[in-house]
Amino acid sequence: MSAGASTVNYEFGQLSGGTAPDGNPPWLEAVITDNGQPANTVQMTVSAGNLTGNEFVGCWYFNLNPALDPTGLSFSVSGSTGTFSDPTIQTGANGFKAGQDGKFDMLLGFNTGSDASAHFGAGDSVTFTITGITGLTADDFDWLSTPAGGSGLYSSAAHIEGITDDGASAWINPTSTLLQNSAAERGVPDGAATISLLGASLLAIEGLRRTLQKRSAAH
């Protein structure tokens with residue numbers, strides 16, 4: 001692992017517009033990590049584990065560290081589950097407005113045609129390997145959207161379609177963001193090491209106490 005390897009986990013359970021999907025939230029999940037990846041490489045997995053019925057993702061938005069140029073990013077599919085069509089990917093600083101949620105830097109556009117087998121829906125997932133920018137890490141994807149419309153700032157957004165027979169849809173956002181950093185690489189001892197250190201400290205303290213007692217008795 002690279003030093004300071006990290007993972008950003010977005011769970012989508014917040015409705016910011018439209019009709020809520022039928023399943024239990026979080027409806028979608030995005031996991032972005034540089035853990036175990038080569039330098040300057042990030043892996044992104046997006047999944048629709050809790051969509052139900054005919055619900056599917058129309059588009060999915062992400063942000064990038066504003067100090068970096070998103071047009072330099074290169075995406076390649078490294079794995080998938082399901083029979084959907086691969087999404088198109090567009091990049092551009094503040095180039096994509098998601099409903100009322102502000103402007104984002106990356107847009108994953110999934111198939112929205114009449115062929116349901118091409119939709120990114122219940123149980124589907126896809127993993128991308130992302131390269132193209134020197135020094136790129138998972139933390140570079142943990143940024144908020146640029147304000148546009150006054151409805152709030154979000155780390156990501158997605159549009160869910162096909163929620164009801166009459167074509168209702170929803171705009172959703174993450175309700176939680178889990179950040180995980182490599183404890184081993186950051187020099188944080190694990191539980192066993194902590195217990196060992198504590199035991200050694202207690203033994204040293206006891207030894208010092210006995211030495212002082214002997215000196216006191218000798219005087």
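Numbers at a glance
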| read-out | value |
| --- | --- |
| Residue within region 77-92 that is in the same structural domain as S155 (by TED's automatic domain parsing) and under 16 Å from the mean Cα position of the chain (by Cα) present | no |
| Some residue of region 32-40 being touching a helix residue (DSSP H, G or I) at 6+ places or on another chain (Cβ under 6 Å), surrounded by fewer than 18 Cβ atoms within 10 Å (Cβ to Cβ), assigned to a loop (DSSP other than H, G, I, E, B) and touching a residue at least 40 places away in the same chain (Cβ under 8 Å) | no |
| Test: residue in region 71-89 that is part of a strand (DSSP E or B) and either of a type in the set (K, R) or touching a helix residue (DSSP H, G or I) at 6+ places or on another chain (Cβ under 8 Å) (or both) | no |
| Where a residue in region 61-90 is within 13 Å of V46 (Cα to Cα) and its partner, wherever it lies, is hydrophobic (A, V, I, L, M, F, W, C) and part of a loop (DSSP other than H, G, I, E, B), with Cβ under 6 Å and at least six apart | Y61/A98; P87/F110 |
| Residue under evaluation W143, criteria (1) in a loop (DSSP other than H, G, I, E, B); (2) hydrophobic (A, V, I, L, M, F, W, C); (3) surrounded by fewer than 18 Cβ atoms within 10 Å (Cβ to Cβ), criterion not met | (3) |
| Condition broken by G23, with the remaining ones in (1) farther than 25 Å from T129 by Cα; (2) touching a Ser or Thr at 6+ places or on another chain (Cβ under 8 Å); (3) in a strand (DSSP E or B) satisfied | (3) |
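The values are calculated or read from the model by the stated rules, or taken from the named source; none is laboratory data. Note that this is a predicted model, so its numbers are computed, not measured. Don't worry about glycine lacking a Cβ; one is built from the backbone with ideal geometry, like all the others, and counts go over all protein chains shown.
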